[in-house]
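Data first, discussion second: the structure below is written as structure tokens.
Derivation of every value follows stated rules applied to the coordinates shown; laboratory data play no part. Fair warning: this is a prediction, and the values are worked out from it, not measured in the lab. Quick reminder, even Gly has a Cβ in these numbers, built from the backbone with ideal geometry, and neighbours come from all protein chains shown.
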Amino acid sequence: MVWGVALPSEFNAFSPRGELRGYDEDLAAHYKAERRPGLTPRHPPTFVFTTDRPYRSDGTAYEAFTTYALDVWIKFSGLWGDPQLRTPPLLPVQPHEWPKEFVYARDYKTRASILELPRARCAVEEELRVLIERLDPGIHSFHPIRVVLRTGDEHPLKYHCMVVGRWLESFSLGDSDPGCLSDTDSVSPTLSCSRRTYAGAAMRASVIGDAHLWRERFLRGPRFCFSDRLMEEATAAGLRLPTHFRMKSVA
């Protein structure tokens, strides 16, 4: 069976309010960009390249810092190297492009094994990272991130930013229950966050094979998909995951 994991849009323990401290400044410093004030006090400041510029996968340099920053943002939620999603294809996340620190704006008492961070970043606690890498070795990318409580103390759990490296096309619209999806005329139908809709969305076991963690290319709704084994082992280890529902499995 397949489990769909949904990360909430509202602020809570799994999607905490906070900031990636110093992240834009770190990117700007690496490529020698400077912050300039907005045209008026109501306009936000912007970063502008002064000398060095990063290069796209086709060898051309970025002309605007905002365009480069947008591509970095997409790297954390898109498929690297796929020309169908971006032209030119996205390069992998570079060492300096991983955020170093997330600071809570408020603290949460509930344990969260997955964090939805600003700008589509996602972090998983150390125990879940070890489990994923044992079941899916060498497929996904991780980088440590320091998570800081509002008090200034470091979070007792250790976290790693994660980029899911496996994208599948296991979703089958024809085998799914009528009415469980919206936007069915689009390339990627939308699956609303409810037990009924997830239970009606059909996933092909023949495509999933031995995958344990992946993202769907043509289905919006689950942030991630988990195999039964990954879900069972995470539950047995006492990890606390965000909202998740069992999905329909077909051959």
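Tell me the Rg and the Dmax, in Å, that the Cα atoms of the range 68-210 produce.
Radius of gyration, then largest Cα-Cα span, for the range 68-210: 17.7, 51 Å.
Please work out the Cα center distance from the range 13-60 to the range 164-180, rounded to the nearest Å.
Taking the Cα centre of the range 164-180 as reference, the centre of the range 13-60 is 36 Å away.
Which residues among the range 7-36 fall inside the zone where the amide N is under 11 Å from a point 7 Å beyond the Cα of V48, along Cα→Cβ?
34-36
If I stretch the segment between T87 and I74 completely, what's the gain in nm (0.36 nm per residue apart, minus their alpha carbon distance), one decimal? The partial results should precede the final answer.
Details: separation 13, 0.36 × 13 = 4.68 nm, distance 1.25 nm.
Once the chain is fully extended between T87 and I74, it gains 3.4 nm.
Send over the Kirkwood Rh of the range 99-163, from the inverse of the averaged 1/r over different Cα pairs, rounded to one decimal Å. Show your work: numbers first, answer last.
Details: mean 1/r = 0.0817 Å⁻¹.
12.2 Å is the Kirkwood radius here.
In Å³ and rounded to a whole number, note down the convex hull volume per residue for the Cα atoms of the range 140-241. Walk me through the numbers before you get to the answer.
Numbers: hull volume 14.1 nm³, N = 102.
Dividing the Cα hull volume of the range 140-241 by its residues yields 139 Å³.
For E232 and R146, FRET efficiency with R0 = 41 Å and r from the beta-carbon atoms, rounded to 0.05?
Details: r = 31 Å, r/R0 = 0.75.
That pair, R146 with E232, gives E of 0.85.
Which order do the peptides 31-43, 95-107 come out in when sorted by mean C-beta neighbours inside 10 angstrom, highest first?
In decreasing order of mean packing, 31-43, 95-107 become 95-107, 31-43.
Identify the chymotrypsin sites (Phe, Trp or Tyr not before Pro) of the range 155-251 meeting these criteria: DSSP loop state and at most 16 other C-beta atoms within 10 Å of the C-beta.
Values: sites: Y159, W167, F171, Y198, W214, F218, F224, F226, F245; in loops: F218.
For chymotrypsin sites (Phe, Trp or Tyr not before Pro) across the range 155-251 that sit outside H, G, I, E and B with at most 16 neighbouring Cβ atoms in 10 Å, the list reads F218.
If N is the number of residues in the chain, what value comes out of its Cα radius of gyration divided by 2.2 N^0.38 Å?
My calculation over the Cα atoms of the chain gives 1.08.
Step through the residues of the range 125-132 one at a time and calculate ³J(HN,Hα) from phi using the Karplus curve (6.51 cos²θ - 1.76 cosθ + 1.60, θ = phi - 60°), rounding each to whole Hz and writing x for Gly and Pro.
6, 4, 5, 6, 4, 4, 5, 4
Starting from 0.36 nm per residue, how many nanometres of slack lie between R220 and S192 once their C-alpha separation is accounted for?
Working: separation 28, 0.36 × 28 = 10.08 nm, distance 0.86 nm.
Additional length available on full extension: 9.2 nm.
In whole angstrom, how long is each semi-axis of the equivalent ellipsoid of the range 23-96, when you take the square root of 5 times every eigenvalue of its Cα gyration tensor and sort them from largest down?
Over the Cα atoms of the range 23-96, the semi-axes work out to 24, 13, 11 Å.
Please give me the summed charge of the neighbours of L157: other residues whose Cβ is under 10 Å from its Cβ, Lys and Arg +1, Asp and Glu -1. Mind dumping the intermediate values first?
Details: positive: R111, K158; negative: E125, E126, E127, E154.
With Lys, Arg at +1 and Asp, Glu at -1, the neighbours total -2.
Take peptides 14-21, 229-236, 133-140 and line them up by average Cβ neighbours within 10 Å, highest first, as a rough protection proxy.
The packing order, highest mean first, is 14-21, 229-236, 133-140.
Going 7 Å from the Cα of R166 toward and past its Cβ, which residues in the range 195-210 have a backbone nitrogen under 16 Å from where you end up?
203-210
Residue-wise, which Karplus ³J(HN,Hα) couplings in Hz belong to the range 93-99, taking 6.51 cos²θ - 1.76 cosθ + 1.60, θ = phi - 60°, and x for glycine or proline?
After applying 6.51 cos²θ - 1.76 cosθ + 1.60, I find 5, 7, x, 7, 8, 6, x Hz.
Under a 10 Å cutoff between Cα atoms, tell me which one of S57, S176, S113 has the largest fluctuation in the Gaussian network model of the chain.
Maximum fluctuation in the GNM of the chain, among the listed residues, is at S57.
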